[in-house]
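**Student:** Before I ask anything, let me first share the structure, which is written out below as structure tokens.
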Amino acid sequence: MTRTLILGGARSGKSTRAEALLLDQPDVLYLATGGHREDDADWARRIALHRERRPAGWRTAETVDLVPVLADGTDPAPVLIDCLGLWLTTVMDQADAWDDAAWEQGAARAVEQRCAELAEAVRHTGRRVVAVSNEVGLGVVPATAAGRRFRDTLGRLNMAVAEAADQVLLVVAGQTMTIKGGGRPATG
């Protein structure tokens, strides 16, 4: 069992690299965390492209309820989580964490708890996991408090999942570098 975190910027090739790591697996549970966005044709096109790339034998679950899936000992299939940034967006939506007052009045603790639970689930799962996330530490400082809150929270989530992972890869312009673990080079 290997737990891999793949980080990269927008359109860096991180999802493609994650899928490539599992291509030799006949059964993969692809956890799509992005959900649907009504009246967004570009989003629908992106989802369709992701689906078309996946092997026919892979299963897809559109969910943000990741902890039970990682704890499930009855399904041995590897799990691909795409992506932690979209998962966090939904978690923050659910906690009303974009609002400054709500953040101070408990949303911060609720989001932090969900992030800690996810990192622990990654650490203790018996399944092979490949998780994709946006590397937010290389970008600009967001202009809004809510944007900075998201960036900072995703950065902390990435650190927690990286600590739980056996391997961390960084994808930049389609090129992959091993940051932690791995054994064999992660080029390509």
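The values are calculated or read from the model by the stated rules, or taken from the named source; none is laboratory data. Treat the numbers as computed from the prediction; the structure is a model and nothing was measured. Quick reminder, even Gly has a Cβ in these numbers, built from the backbone with ideal geometry, and neighbours come from all protein chains shown. Heavy atoms of the whole protein, side chains included, go into the accessibility calculation; ligands, DNA and RNA do not. Shrake-Rupley method; radii C 1.70, N 1.55, O 1.52, S 1.80 Å.
**Student:** Among helices (runs of 4 or more DSSP H) lying entirely in the stretch 1-76, which contain 3 or more residues that are modelled with pLDDT of 75 or more and open to solvent by 50 Å² or more (accessible area, probe 1.4 Å)?
**Tutor:** Passing ranges, in order: 66-71.
**Student:** Name the residues in the stretch 137-175 that are at pLDDT 95 or above, open to solvent by less than 50 Å² (accessible area, probe 1.4 Å) and not in a helix (DSSP H, G or I), would you?
**Tutor:** Residues satisfying the conditions are A165, Q167, V168, L169, L170, V171.
**Student:** Anything in the stretch 121-135 that is open to solvent by 20 Å² or more (accessible area, probe 1.4 Å) and outside any strand (DSSP E or B)? List them, or say none. It would help to see each step written out before you state the result.
**Tutor:** So the first thing to find is which residues in the stretch 121-135 are open to solvent by 20 Å² or more (accessible area, probe 1.4 Å), and the list is 123-124, 126, 128, 134-135.
Within the stretch 121-135, R123, H124, G126, R128, E135 meet the criteria.
**Student:** Testing Q167 on (1) without any contact (Cβ under 8 Å) to a residue 60 or more places away in the chain; (2) in contact with a Gly (Cβ under 7 Å, 6 or more places away or on another chain), one condition comes back false. Which one is that?
**Tutor:** (1)
**Student:** Among the candidates E135, E163, E120, E112, which residue alone is more than 23 Å from A18 (Cα to Cα) and of a type in the set (D, E)? Write out each step before concluding.
**Tutor:** Details: E135 fails: more than 23 Å from A18 (Cα to Cα); E163 fails: more than 23 Å from A18 (Cα to Cα); E120 fails: more than 23 Å from A18 (Cα to Cα).
Going through E135, E163, E120, E112 in turn, just one is more than 23 Å from A18 (Cα to Cα) and of a type in the set (D, E): E112.
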